[in-house]
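Engineer: Structure in structure tokens, see below.
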Amino acid sequence: MTSRRKPLLRLRAPIPRRLHVGAGIAFPLILLVAWWWVTASGMVRPLFLPSPQAIVMEAWRQIETGILWRDATVSIYRIGAGWLAATVLAVPIGILMGNFRLVEGTLEPLISTVRYMPVVALIPLSILWAGIGDTQKILILFIGTFFQQVLMIMNNTKSVDMTLIRAGQTLGFSNAEILWRIVLPASMPAIWDTLRITMGWTWTYLVVAELVAAQDGLGRRIMDAQRYLATHTIIFGTIFIGLLGLVTDYLFKLGGRKMFGWSEGQR
Amino acid sequence: MTMKLSIRDLDMTFETEGGEPLNVIEGIDLDVAANEFVAIVGTSGCGKSTLLSIVGGLTEPTAGQVSIDGQPVTGPGRDRGFVFQNYSLFEWMTVERNIDFALEKSKISKSDRRDLVAYYIAKVGLSGFEKALPKQLSGGMRQRVAIARALVYKPSVLLMDEPFGALDAQTRGMMQELLLKVWDEHKATVLFVTHDVEEALFLADRVVVMASRPGRVKSDITVGFERPRSYEVVTEPEFGKLKREVLQDIREETMKMMAGAGS
């Protein structure tokens, strides 16, 4: 029997699933080996790049002393609260902006401007307004998330086919009913994707949020480590934040697949 | 005799991007009797979809009036059902729920609702697909759901905007026959917009040809084939004669448009 070999580099052609997953695991492993090699061979000083073993030791130290657990819970709480506050406001406002030209015209210029303001620059103001407790961190995460989120959600609801709205009108539904029962569910897969992406952005703002006046948190640990040039702590903290982000992303995707099986775009 | 649907001196002007007014419809007068099936044909851009949208109450005309049973139309209402070209189904609802959704504003009992939904699902030949999602259906099946949804609350006027335009030729023929069968049993006044002349002649009692830019009624042709019609009607000489007549009218308009575009 002759088996024809499938070329792997054909444009957009599917490849075996095992290969797809395998490549995604193999590449970081190769990087890891390269990393180990440059540090073990003494090519790079540990101050600039500590060895992978040093990172694992650091991880173990943080787990054993309970620091990691404390930092993680505090940070996850802040991220969850900031993101949730942004979402609770952004979904209804985004839907209104996407469907009433008046609301869009009123809010869009302002939101688009705020969106470009550097969040770091708002730290002094946020302390002035919200003190130095958790509220200030949550506020920073909120600002970093909300203004992006609301514009994306506006666009998500705009892409709902106009004839669905017209169908609702001919069936006798009111504006509020059409937004709540037609536009929202129709755009929910896209909104969910926006929520997933913006959750990633909230994670990236964590260090900024914990830059000033924080005693704990994953971001704080990294900033502290900078003072003592504890490179291994910095690298471990960064990787750990990345991993937590990856887990949230996966959970979102899983939830989306469960909830929006009806959508053409979902596989 | 009062007409079921009457359109008087209808004008529709849009503002273009450049700020210039675009006359889409100008001075349309049209009367449709109760349970009459009227097809509207014309070149693309002749305002036939806009006309339908105005009758549906989804677009407000610049001037003139549409009335149904003598009552002026001021917005969408449940006396009219609408079928759109691109299915417009609620993708997150099953076939059954899509149709039932149309009954939410009807003041009838839950069990009556269930019965009506089941009845119309059977009527459009979708028994067995009650729990299917739209994405699992073919284009023709989706449009059958849309037709059932537009009929289930028993509107007296049915507005159809190129409902079979996106279907392949075989499916389209079957859908036309299905529509006639359903319509024969549950009479309604139908305004049916299409660019397919054969479809118009096969389905309708009257074919209204619209002139373009601005949209006006160019000709109003009575189609006298007896009902119920079978698809063989398209092979009759009279059918060919009417088809030639309608095509001639449309062609004149197309030529005018092209000459206008060239100047």
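Engineer: For region B:99-121, enumerate the residues that are more than 10 Å from chain A (Cβ to nearest Cβ) and closer than 18 Å to A:GLU177 by Cβ.
Structural biologist: Step one: list which residues in region B:99-121 are more than 10 Å from chain A (Cβ to nearest Cβ), which gives B:99-100, B:107-121.
Of everything in region B:99-121, those that are more than 10 Å from chain A (Cβ to nearest Cβ) and closer than 18 Å to A:GLU177 by Cβ turn out to be B:ILE99, B:ASP100, B:LYS107, B:ARG113.
Engineer: Still on this structure, I have one more. Given the criteria farther than 30 Å from A:GLN215 by Cβ, free of Cβ contacts under 8 Å to residues at least 40 places away in the same chain and aromatic (Phe, Trp, Tyr), does A:TRP36 qualify?
Structural biologist: Yes: the conditions hold for A:TRP36.
Engineer: So, of the residues in region B:217-263 that are more than 19 Å from B:GLU36 (Cβ to Cβ) and of a type in the set (Phe, Trp, Tyr), which turns out to be surrounded by the fewest Cβ atoms within 10 Å (Cβ to Cβ)?
Structural biologist: Across region B:217-263, the extreme among qualifying residues is B:TYR231.
Engineer: Looking at region B:106-113, is at least one residue more than 16 Å from the chain's Cα centre (by Cα) and surrounded by 21 or more Cβ atoms within 10 Å (Cβ to Cβ)?
Structural biologist: No, region B:106-113 contains no residue that is more than 16 Å from the chain's Cα centre (by Cα) and surrounded by 21 or more Cβ atoms within 10 Å (Cβ to Cβ).
Engineer: For region A:143-204, please list each of the helices (runs of 4 or more DSSP H) lying entirely inside it that holds at least 1 residues being surrounded by 22 or more Cβ atoms within 10 Å (Cβ to Cβ) and away from chain B (no Cβ under 14 Å).
Structural biologist: The qualifying helices (runs of 4 or more DSSP H) are A:184-204.
Engineer: Let me ask something else about it. Of everything in region B:197-216 that's in contact with a helix residue (DSSP H, G or I) (Cβ under 7 Å, 6 or more places away or on another chain) and among the acidic types (Asp, Glu), which residue is surrounded by the most Cβ atoms within 10 Å (Cβ to Cβ)?
Structural biologist: Filtering first and then ranking leaves B:GLU199.
Engineer: Residues in region A:7-32 that are exposed (fewer than 11 other Cβ atoms within 10 Å of the Cβ) and assigned to a helix (DSSP H, G or I): how many?
Structural biologist: Going through region A:7-32, the residues exposed (fewer than 11 other Cβ atoms within 10 Å of the Cβ) turn out to be A:7-14, A:16-18, A:20-21, A:24-25, A:27-31.
Now restrict to residues that are assigned to a helix (DSSP H, G or I): A:17-18, A:20-21, A:24-25, A:27-31.
So the count comes out to 11.
Engineer: Turning to a different aspect of this structure: Step by step: first the residues of region B:75-101, then only those that are among the aliphatic types (A, V, I, L, M) and more than 18 Å from the chain's Cα centre (by Cα), then the one that is farthest from B:PRO134 (Cα to Cα). Which residue is that?
Structural biologist: For region B:75-101, the residue satisfying everything is B:ILE99.
Engineer: Taking into account only those residues within region B:16-65 that are among the polar types (S, T, N, Q), within 22 Å of A:GLY172 (Cβ to Cβ) and more than 14 Å from the chain's Cα centre (by Cα), which is surrounded by the most Cβ atoms within 10 Å (Cβ to Cβ)?
Structural biologist: Taking the candidates together, the pick is B:THR59.
Engineer: Something else: Assess whether A:LYS258 counts as being surrounded by 12 or more Cβ atoms within 10 Å (Cβ to Cβ) and among the basic types (Lys, Arg).
Structural biologist: When the stated conditions are applied, A:LYS258 does not pass them.
Engineer: Being more than 8 Å from chain A (Cβ to nearest Cβ) and at pLDDT 95 or above is the requirement here; does B:THR62 meet it?
Structural biologist: Spelling it out, it is not the case that B:THR62 is more than 8 Å from chain A (Cβ to nearest Cβ) and at pLDDT 95 or above.
Engineer: Mind checking which residues of region B:1-40 are free of Cβ contacts under 8 Å to residues at least 40 places away in the same chain, more than 30 Å from B:LYS187 (Cα to Cα) and not charged (D, E, K, R)? Walk me through it before giving the result.
Structural biologist: As a first pass, look at region B:1-40 and keep what is free of Cβ contacts under 8 Å to residues at least 40 places away in the same chain: B:1, B:3, B:14-22, B:31.
Retained after the next criterion (residues that are more than 30 Å from B:LYS187 (Cα to Cα)): B:14-22.
Correct list: B:PHE14, B:THR16, B:GLY18, B:GLY19, B:PRO21, B:LEU22.
Engineer: Also, I was wondering about something else. Which residue, of A:PRO124, A:PRO118, is loosely packed, with under 13 Cβ neighbours inside 10 Å, farther than 14 Å from A:LEU206 by Cα and over 20 Å from the mean Cα position of the chain (by Cα)?
Structural biologist: A:PRO124
Engineer: Report, by residue number, each residue of region B:132-141 that is within 12 Å of chain A (Cβ to nearest Cβ) and not small (Gly, Ala, Ser).
Structural biologist: To start, the set of residues in region B:132-141 that are within 12 Å of chain A (Cβ to nearest Cβ) comprises B:132-137.
B:LEU133, B:PRO134, B:LYS135, B:GLN136, B:LEU137, listed by residue number.
Engineer: Name the single residue that is modelled with the lowest pLDDT among those in region A:208-220 being crowded, with 21+ Cβ neighbours inside 10 Å and at negative phi. So that I can check it myself, show each step before the final result.
Structural biologist: Restricting attention to region A:208-220, the residues satisfying the condition of being crowded, with 21+ Cβ neighbours inside 10 Å are A:209-210, A:214, A:217-220.
Pick out the ones that are also at negative phi and you get A:209-210, A:214, A:218-220.
On the way: A:ALA209: 93, A:GLU210: 92, A:ALA214: 87, A:LEU218: 94, A:GLY219: 93, A:ARG220: 93.
It comes out as A:ALA214.
Engineer: Also, I was wondering about something else. Within region B:252-263, restricting attention to residues that are in contact (Cβ under 8 Å) with a residue 40 or more places away in the chain and of a type outside the set (A, V, I, L, M, F, W, C), which residue is farthest from B:MET175 (Cα to Cα)?
Structural biologist: Selected residue: B:GLY260.
Engineer: Pairs needed: first member in region B:238-251, touching a residue at least 60 places away in the same chain (Cβ under 8 Å); second member anywhere, hydroxyl-bearing (Ser, Thr, Tyr) and surrounded by 17 or more Cβ atoms within 10 Å (Cβ to Cβ); C-beta distance under 9 Å; at least 6 residues apart or different chains.
Structural biologist: Sorted first by the residue in region B:238-251, then by its partner, the pairs are B:ILE250/B:THR43.
Engineer: Sticking with this one: Within the set of pairs 6+ apart or on separate chains, which have a first residue in region B:70-96 that is more than 8 Å from chain A (Cβ to nearest Cβ), a second that is surrounded by fewer than 18 Cβ atoms within 10 Å (Cβ to Cβ) and in a strand (DSSP E or B), and C-beta atoms under 6 Å apart?
Structural biologist: B:PRO72/B:GLN65
Engineer: Look at B:GLU60 and say whether it is assigned to a loop (DSSP other than H, G, I, E, B), in contact with a helix residue (DSSP H, G or I) (Cβ under 9 Å, 6 or more places away or on another chain) and either hydrophobic (A, V, I, L, M, F, W, C) or free of Cβ contacts under 8 Å to residues at least 12 places away in the same chain (or both).
Structural biologist: Criteria met by B:GLU60.
Engineer: Among the numbered conditions (1) within 22 Å of B:ALA148 (Cα to Cα); (2) more than 14 Å from chain A (Cβ to nearest Cβ); (3) touching a residue at least 40 places away in the same chain (Cβ under 8 Å); (4) among the β-branched types (Val, Ile, Thr), tell me where B:THR43 comes up short.
Structural biologist: Of everything listed in (1) within 22 Å of B:ALA148 (Cα to Cα); (2) more than 14 Å from chain A (Cβ to nearest Cβ); (3) touching a residue at least 40 places away in the same chain (Cβ under 8 Å); (4) among the β-branched types (Val, Ile, Thr), B:THR43 misses just condition (1).
The values are calculated or read from the model by the stated rules, or taken from the named source; none is laboratory data. The shown structure was predicted, so the numbers you read here are calculated from the model rather than taken from an experiment. For neighbour counting, all protein chains shown are included, and Cβ atoms are generated from backbone atoms with ideal geometry for every residue, glycine included.
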